Amino acid sequence: MTDVNLPFETDEPAPQRGFRLGLGSVVLLVGIVLVAVVFGIALLQRNQTQPTAGPAPDFTLTTLDGETYRLADLKGQVVVINFWASWCGPCRVEAPALERVWQRYQNQGVTFLGVAYTDTERGAREFIAQYSQTYPNGLDLGTKISDMYNIQGVPETFIVNQRGEVVEFIMQQVNEAQLSAILDRVLATGA
Amino acid sequence: MNRFKNTRTILMVLFALLALAVPALAQDGGEVTADDVNAIAKKMYCPVCENIPLDVCGTAACDQWRDEIRIQLEQGFTEDAIISDFVSRYGDRVVGTPQDPTLRALSLVTPWLIGALVVILAGFGLLRWWRGRGTRAALAPAGAPASDDDYRARLERDLQGRR
């Protein structure tokens, strides 16, 4: 007899060890998947950019005068959508140019829509009065329109052609010559 | 008669002083201070920057919003009414948490739920490790236990077979 411990063979079949997940592992896996999904969605949303082509997201704007404009109803016209705010310096710089271009093109099948981003009604009204803007302007209530267009700041301007497609996106203050050239081109070619 | 006249004059002067003092006191009590504005502003966030409370934000947009809060306070709006008004005009991002009761509950409960889940998982893991330790200790051959005759017999049989 010996006290040496040796591996021994038995006739008993070895217990089958299949691939089995415990409750903790399952919960952990589900948690990891959920976190990955949440981060994925957040990343996708962060990477969304302004539309530069294709159908322009439809919206309804109620102006400070109480009029209502729906983008889908403006098909057949070229629409200039300008996001601005009274607290924004570059918006003040471009405001006179926008008004001059509007005056020149309003009878040529062009509509301007000014969308005030996170602005107060008082501030927006003062801005409009100060720059004598006559085209439709309204507050972006709930920042819904800004969200649809994924704007990153103000001013930002989108040009929508007669078919309701975004054909130009300007991520800075516009000037008269630039905007006029774009409108001439879109009116002539629709693109 | 003269004494009555003097008393009446004194009373009239007192009333006049009181009449002057009341509006001044009322104005002092109703004045909206920067602290009043900031008490509400700190529950809101800058509209153009990320995660900066409105009370410490230095942008022109924040100045404008704080001014709007001051005006609404002067008009007698309550804190809740002002915040609700801002949320309706600028969306849930104003307050950082959704105003919708379901979404708000989810956003507030979820971190605690995840924390609880982690604690439960850690508990499970600890329990499994503890039980495993007990089993390993029982299976470990600590010399040849005198009472473990069956084990000893099987070992002897195996050794016999090898010889």
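The values are calculated or read from the model by the stated rules, or taken from the named source; none is laboratory data. Everything numeric here is computed off the predicted structure, so don't read it as measured data. No Cβ is skipped: glycine too gets one built from the backbone with ideal geometry, and neighbour counts run over all protein chains shown. The accessibility values were calculated without ligands, DNA or RNA, using every heavy atom of the protein model including side chains. Shrake-Rupley method; radii C 1.70, N 1.55, O 1.52, S 1.80 Å.
Which one is farthest from the chain's Cα centre (by Cα), of the residues in the range B:59-118 that are within 24 Å of B:Val37 (Cβ to Cβ) and acidic (Asp, Glu)?
B:Glu74
Determine which member of the set A:Gly89, A:Gly123 is without any contact (Cβ under 8 Å) to a residue 12 or more places away in the chain, within 14 Å of another protein chain (Cβ to nearest Cβ) and either of a type in the set (D, E, K, R) or on the phi < 0 side of the Ramachandran plot (or both). Talk me through it step by step, then tell me what you get.
On the way: A:Gly123 fails: without any contact (Cβ under 8 Å) to a residue 12 or more places away in the chain.
Being without any contact (Cβ under 8 Å) to a residue 12 or more places away in the chain, within 14 Å of another protein chain (Cβ to nearest Cβ) and either of a type in the set (D, E, K, R) or on the phi < 0 side of the Ramachandran plot (or both) holds for just one of A:Gly89, A:Gly123, which is A:Gly89.
Scan the range B:3-54 for residues that are closer than 30 Å to B:Asp80 by Cα, assigned to a helix (DSSP H, G or I) and modelled with pLDDT of 60 or more and jot them down.
Selection gives B:Gly30, B:Ala34, B:Asp35, B:Asp36, B:Val37, B:Asn38, B:Ala39, B:Ile40, B:Ala41.
Against the condition more than 10 Å from every other protein chain (Cβ to nearest Cβ) and at pLDDT below 85, how does B:Thr110 come out, does it pass?
It is false that B:Thr110 is more than 10 Å from every other protein chain (Cβ to nearest Cβ) and at pLDDT below 85.
Go through the range A:75-108 residue by residue and tally those that are in contact with a helix residue (DSSP H, G or I) (Cβ under 7 Å, 6 or more places away or on another chain) and open to solvent by less than 60 Å² (accessible area, probe 1.4 Å).
Here the count works out to 11.
Being charged (D, E, K, R) and more than 15 Å from the chain's Cα centre (by Cα) narrows it down to one of A:Glu121, A:Glu168, so name that one.
A:Glu121
Could you tell me which of the residues A:Gly66, A:Gly54 is at positive phi, over 15 Å from the mean Cα position of the chain (by Cα) and not β-branched (Val, Ile, Thr)?
Working: A:Gly54 fails: over 15 Å from the mean Cα position of the chain (by Cα).
When all the criteria are applied, what remains is A:Gly66.
Looking only at the range A:126-141, filter to residues that are in contact with a helix residue (DSSP H, G or I) (Cβ under 7 Å, 6 or more places away or on another chain) and among the aromatic types (Phe, Trp, Tyr); which one of those is nearest to the other protein chains (Cβ to nearest Cβ)?
In this case the residue turns out to be A:Tyr131.
Which pairs do you get when a residue that is farther than 13 Å from B:Ala122 by Cβ, found in the range A:18-32, comes within reach of a residue that is modelled with pLDDT of 75 or more and surrounded by 10 or more Cβ atoms within 10 Å (Cβ to Cβ), reach meaning Cβ atoms under 9 angstrom, with the pair 6+ apart or on two chains?
A:Leu21/A:Leu29; A:Gly22/B:Phe124; A:Gly22/B:Arg128; A:Leu23/B:Phe124
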